[in-house]
Amino acid sequence: MRPSFECLRCLVNVRLREVESSNASREVKLGVARRLLNILESEFDYNAELTHLATKLYNTVVGALPDVADYYRGVKRELNRLALENLASHVEYAGRLSGFSRFRYLVKLSALGNLIDLGVAGHNPITPLDLKPPVVESHAFCLDYTEDFHRLVSRGGLRVLWLFDNAGEAVYDTLLISELRRLGNTVWGLVKDEPGFQNDITLDDALYIGLDKVLDRVLTYGCKCSTIHMDGIGGEARMAVEEADVIVSKGMSHYEYLSELNLGKPVVFILIPKCTPIASSIGDPGCRGKIVVMVR
């Protein structure tokens, strides 16, 4: 996805917010801020690839200000803890559903978890405690390919590669992943390498929430990337992408990158657009804040 002018404001606001929150001296923070602005001045234009640029900017921040990554580690642990505490209500509710109704509910829950996102300027992230079954059931779709997704995975025997996004959100993903496996599919998961990217989950987070017990296999990217950059990921991650029959892509960053990449297999996008550029690229600015489930 190519950027709009609003993307520049988002990149500047989020990264400078992180710099400002650091415990470093004001001289060090000013130096990091200048480096960020220099990168943007030289590399941001309307043909830039957003996720590569976002990766470079974030790595610049945490490379110079490691306490920013420490801050996110603490935030992620709390978000995961709260989501784990809240999960039982969804297990109970989904247990009263069956067939496609159950599948649809778990897809909506997974999508709404995408609102637990600290990396979008102008977005007010929810907490896991905000997610209750009535909230999930009442939330509107903008694009709904849930039936296509269900038909695709119901035949079983597929190798599904799940691209995780935020802490907290990933806890809710586990219920849909378990449903995919119950339908006879193998599910692998890709999580970020340390120190991660914003509040996206890393291997440490994955082990904390028990993803190794839910998935058939947990892998890391092999690069400090915001998404599965095919020019940067490691050999194991690349093999997983190549061998998967279906890819489930959670969140905006994966959408930004994969929506313009043909991997030669179905990609299921599950997200809630939290900015107008993403919503518009999907086809309707009114998609902002609504559930999007697409199969491409």
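Quick note: the coordinates plus some simple rules give every number you see, no bench work behind them. Keep in mind that what you see is a predicted model, and the values were worked out from it rather than measured. Here Cβ is always computed from backbone atoms with ideal geometry, including for glycine, and neighbour counts include all displayed protein chains.
If you average 1/r across every pair of different Cα atoms in the range 1-120 and take the reciprocal, what Kirkwood value do you get, in Å?
Kirkwood hydrodynamic radius for the range 1-120: 17.0 Å.
Let me have the relative contact order for the range 57-163, percent, based on Cα pairs under 8 Å that are six or more residues apart.
25
With contacts defined as alpha carbon pairs under 8 Å and 6 or more residues apart, what's the relative contact order of the chain in percent?
Taking the mean separation of contacting Cα pairs over the length of the chain, I get 21 percent.
Once amide H atoms are built 1.01 Å from N in the peptide plane, which residues 5 or more positions from V191, or in another chain, come under 5 Å H to H?
Those qualifying (amide H under 5 Å, at least 5 residues apart or on another chain) are L219, T220, Y221.
Considering amide H positions built from the backbone, and no H for Pro or chain starts, which residues 5 or more places from I291, or on another chain, come under 5 Å of its amide H?
So I291 has HN proximity to A140, F141, C142.
Roughly how compact is the range 83-295, stated as its Cα Rg over 2.2 N^0.38 Å to two decimals?
Relative to the rule-of-thumb radius for its length, the range 83-295 sits at 0.93.
Post the alpha-carbon centroid distance, the range 99-166 to the range 189-211, in whole angstrom.
So the two Cα centres are separated by 19 Å.
Considering only C10, L30, L53, whose Cα is most displaced toward the positive end of the charge dipole of the range 5-68, charges sitting on Cβ of Lys, Arg (+1) and Asp, Glu (-1)?
L30
For a quick check: sort W162, W188 by the number of other beta carbons within 10 angstrom, fewest at the front.
W188, W162
Count the net charge of all other residues whose Cβ sits under 12 Å from the Cβ of K290, scoring Lys and Arg as +1 and Asp and Glu as -1.
+1
List the lysines whose alpha-carbon lies under 21 Å from that of K224, not counting same-chain residues fewer than 8 positions away?
List returned: K56, K76, K192, K250.
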